[in-house]
Amino acid sequence: MNLGGRIRMLREEKSLTIRHLAEQAGCSPSLISQLENNKVDPSISMLKRIAKALDVNIVDFFMDETLNHEEVVTRTKDRVDIQLRRWDAKIQSLVRNTRNKRMQPFLTVIKPGGGSHGRYLHEGEEFGFVTRGNLTLVLEDKSYDIGAGESFYFPSHIPHDWVNNGMDEAEVIWVITPPTF
């Protein structure tokens, strides 16, 4: 199922109207309608607000709801893609589901110029390790340039944004705790 279809399904499961979801997420009903019809790609901050209003995590918009079993090993072919054109980033969940887990690991490949396109915040903490390329991480008003082989760690309640300002793809192993993405 596509992103818009999952948002619609989760909204209808909660018996919310488009207008009510829009009010809770702090956006217009027309934006919710456009998202549900796959006419626009949301920013991470908008997806976070919609997920919060629906009492789910962003990853729930992309994961197969039938995968309730616990796997010890996640094979490359079984990774769940969390990707939108607007982000210019390919985010893959390194676990099949996040139910009953205390952390949420991702492999993120960010094209030059790609990023979160807007600050967002949530509960918890984040750790990342840049395996190749360069990542610029912005925490409130401070910018950090992080190169291959370097890592970062910060509390997620600080408004944050990330972007690849380099000429090559950046690859980051990212871990969020608790699972809120």
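The table below lists the values:
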| read-out | value |
| --- | --- |
| Which listed residue, of LYS77, LYS101, LYS111, is of a type in the set (Lys, Arg), without any contact (Cβ under 8 Å) to a residue 12 or more places away in the chain and closer than 30 Å to GLY133 by Cβ | LYS77 |
| Checklist (1) surrounded by 13 or more Cβ atoms within 10 Å (Cβ to Cβ); (2) in contact (Cβ under 8 Å) with a residue 12 or more places away in the chain applied to VAL40, failing item | (2) |
| So PRO179, is it touching a strand residue (DSSP E or B) at 6+ places or on another chain (Cβ under 7 Å), in a loop (DSSP other than H, G, I, E, B) and within 26 Å of THR74 (Cα to Cα) | yes |
| Subset of segment 115-164 that is in a loop (DSSP other than H, G, I, E, B) and of a type in the set (A, V, I, L, M, F, W, C) - its residue that is farthest from ARG102 (Cα to Cα) | ALA148 |
| Filter pass, ILE173 being assigned to a strand (DSSP E or B), free of Cβ contacts under 8 Å to residues at least 24 places away in the same chain and assigned by TED's automatic domain parsing to the domain that holds LEU94 | no |
| Qualifying residue in segment 102-115 (condition: among the small types (Gly, Ala, Ser), farther than 14 Å from GLU169 by Cβ and out of contact with any helix residue (DSSP H, G or I) (no Cβ under 6 Å at 6 or more places or on another chain)) | no |
| Hits in segment 82-110 - residues which are of a type in the set (D, E, K, R) and either in contact with a Cys (Cβ under 6 Å, 6 or more places away or on another chain) or under 21 Å from MET167 (Cβ atoms) (or both) | ARG85, ARG86, ASP88, LYS90 |
| Residue match in segment 88-100 (condition: over 14 Å from the mean Cα position of the chain (by Cα), under 22 Å from ASP41 (Cβ atoms) and of a type outside the set (Val, Ile, Thr)) | no |
| 2 or more residues farther than 21 Å from ILE176 by Cα and touching a helix residue (DSSP H, G or I) at 6+ places or on another chain (Cβ under 8 Å): qualifying helices (runs of 4 or more DSSP H) within segment 1-80 | 3-13, 18-25, 29-36 |
| Subset of segment 119-131 (residues that are over 22 Å from ARG86 (Cα atoms) and either assigned by TED's automatic domain parsing to the domain that holds ILE44 or surrounded by fewer than 19 Cβ atoms within 10 Å (Cβ to Cβ) (or both)) | GLU123, GLY124, GLU125, PHE127, PHE129, THR131 |
| Where a residue in segment 1-30 is under 16 Å from LYS48 (Cα atoms) and its partner, wherever it lies, is among the polar types (S, T, N, Q) and assigned to a loop (DSSP other than H, G, I, E, B), with Cβ under 6 Å and at least six apart | GLY4/ASN37; GLY4/ASN38; ALA22/SER28 |
| Members of segment 157-169 that are more than 16 Å from HIS117 (Cα to Cα) and either touching a residue at least 40 places away in the same chain (Cβ under 8 Å) or surrounded by 19 or more Cβ atoms within 10 Å (Cβ to Cβ) (or both) | MET167, ASP168, GLU169 |
| Every residue from segment 85-114 that is part of a loop (DSSP other than H, G, I, E, B) and charged (D, E, K, R) | ASP88, ARG96, ARG99, LYS101, ARG102, LYS111 |
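The values are calculated or read from the model by the stated rules, or taken from the named source; none is laboratory data. Since we're looking at a predicted model, the values are computed, not measured. Note that we place each Cβ from the backbone using ideal geometry, even for glycine, and neighbour counts take in every protein chain shown.
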